[in-house]
1. Does Val142 fit the bill of being among the β-branched types (Val, Ile, Thr), under 23 Å from the mean Cα position of the chain (by Cα) and not assigned by TED's automatic domain parsing to the domain that holds Asn332?
2. Among (1) under 25 Å from Lys121 (Cα atoms); (2) crowded, with 17+ Cβ neighbours inside 10 Å, where does Ile171 come up short?
3. Just to verify a result, which residue in the stretch 219-244, among those that are without any contact (Cβ under 8 Å) to a residue 60 or more places away in the chain and charged (D, E, K, R), is farthest from Phe273 (Cα to Cα)?
4. Hey, can you tell me all the residues within the stretch 338-355 that are in contact (Cβ under 8 Å) with a residue 60 or more places away in the chain and farther than 22 Å from Ser210 by Cβ?
5. Of the residues Gly141, Gly201, only one is without any contact (Cβ under 8 Å) to a residue 40 or more places away in the chain and not basic (Lys, Arg); which?
6. Identify the residue in the stretch 248-294 that is touching an Asp or Glu at 6+ places or on another chain (Cβ under 7 Å) and without any contact (Cβ under 8 Å) to a residue 40 or more places away in the chain and, among all such residues, is nearest to Thr235 (Cα to Cα).
7. Would you mind stating whether Val347 is surrounded by fewer than 23 Cβ atoms within 10 Å (Cβ to Cβ) and in a helix (DSSP H, G or I)?
8. Among the residues of the stretch 163-172, are any of a type in the set (Phe, Trp, Tyr) and within 21 Å of the chain's Cα centre (by Cα)?
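The values are calculated or read from the model by the stated rules, or taken from the named source; none is laboratory data. Nothing here was measured: the structure is a model prediction, and the numbers come from that model. So basically every Cβ, Gly included, is an ideal-geometry build from the backbone, and we count neighbours across all protein chains shown.
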Amino acid sequence: MAKESFTAQASVQAAGEIPHIGVGMLGYAFMGKAHSNAFKKIPYMMYPPPAIPDLVAICGRNEQATAEAARRYGYATYYTDWREMIKDKRIQLFDNGTPPNAHADPCIAAANEGMHILCEKPLARNADEARRIRDEVTKTGVKHMVGFNYRFVPAVRQMRDLIRSGALGRIYHYRAIYLQEWVMPHYNLPKIWRLDKEIAGNGVLGCLGSHIIDLGRFLIGEIKSVAAITRTFVTERPLPDGSGMAKVDVDDAFASIVEFENGAIGTIEATRFGAGRKNHQVIEVNGEKGSVRFELERLNELQVFWVDEEPKETQGFHNVLVTEAHHPWISNWWPHGHIIGWEHTFVHEITHLLDCIVNDKDVAPDGATLEDGYRACVVCDAMLKSAETRRMIDIEY
């Protein structure tokens, strides 16, 4: 039986029905690991896949670490200079998992070589840089996507579909928080790149805030105006090499109010000083006919309330386990009740991009394009400007 199954799959591939797409990965750390894991799962879990990713090459500045990553993840080749990697004609998809200061030039150069682009968020250090990436890449005609992976959580997609169907009626509120604790003093963290404006562009605003800004646009619509306050709680940290102290020039936390073009209002808040919070993202949407609530650390669940539910005596929020075969993507995984995890969002996200590449589909509106990445940066910049000027800022793209 196993031999027959293998033969059938091999014949499908031999017939050319499933194309192969060569992948070049820039960066081998957190996102390099997450994306590589997804590429390896796609062929057998998202079956039949729109394309089979071939792990052609991985690139990083540290040769020893990059070579080890190539062995660990299964890349055929490694490079220590992205300029050399984008000359590799085996690569059709360029995946950029580096910090924001290394997004612009590699992505633009790869697109000019005809490679499709997957770039991690935030797209850039500021809106001007993001606009440059968007403009230069889009004029090449390649497919492009920004790594807002929470669009690809089944429960979040179910929330989006409920809102779009009109089931919640008019939307009144979008409420989002994203709380972590890992830069608090008890971790004794030096000034890593995420705390350096020259590399990251900003602090928690881009790191965590951009996710829930994007989800606000994804679920509710365009943001019209914002007001915000930011705070840096630890203003100096030791340098990683122990040679002295350095100023922290990015935000540790922010809180904002937002106005949407459709009349909804909201609050968006993020911090890396939330003691006890590891990856605490919570989103709630309130409408005239009901409310929905999602919590990332309970990724397979969605809280739902319906205004007109009967009988009133038992009315309340219901906990929906989003693991039925009719829920987004779940039919590719396990029987109902057998939950999936954070890493599966990347499987769904990259499968979507591969489908768009192979079948010439639009990445938007389900996936985040470079336009979405640019717009998230515009909102981040507006929040920083609001915090600096202490006034409401209109969003202008």
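1. For Val142, the condition - among the β-branched types (Val, Ile, Thr), under 23 Å from the mean Cα position of the chain (by Cα) and not assigned by TED's automatic domain parsing to the domain that holds Asn332 - is met.
2. In the conditions (1) under 25 Å from Lys121 (Cα atoms); (2) crowded, with 17+ Cβ neighbours inside 10 Å, Ile171 misses (1) alone.
3. The extreme case among them is Asp241.
4. Ile340, Thr351, Leu354, Asp355
5. That would be Gly141, the only listed residue that is without any contact (Cβ under 8 Å) to a residue 40 or more places away in the chain and not basic (Lys, Arg).
6. The extreme case among them is Ala255.
7. Criteria not met by Val347.
8. No, there is no match, as no residue in the stretch 163-172 is of a type in the set (Phe, Trp, Tyr) and within 21 Å of the chain's Cα centre (by Cα).
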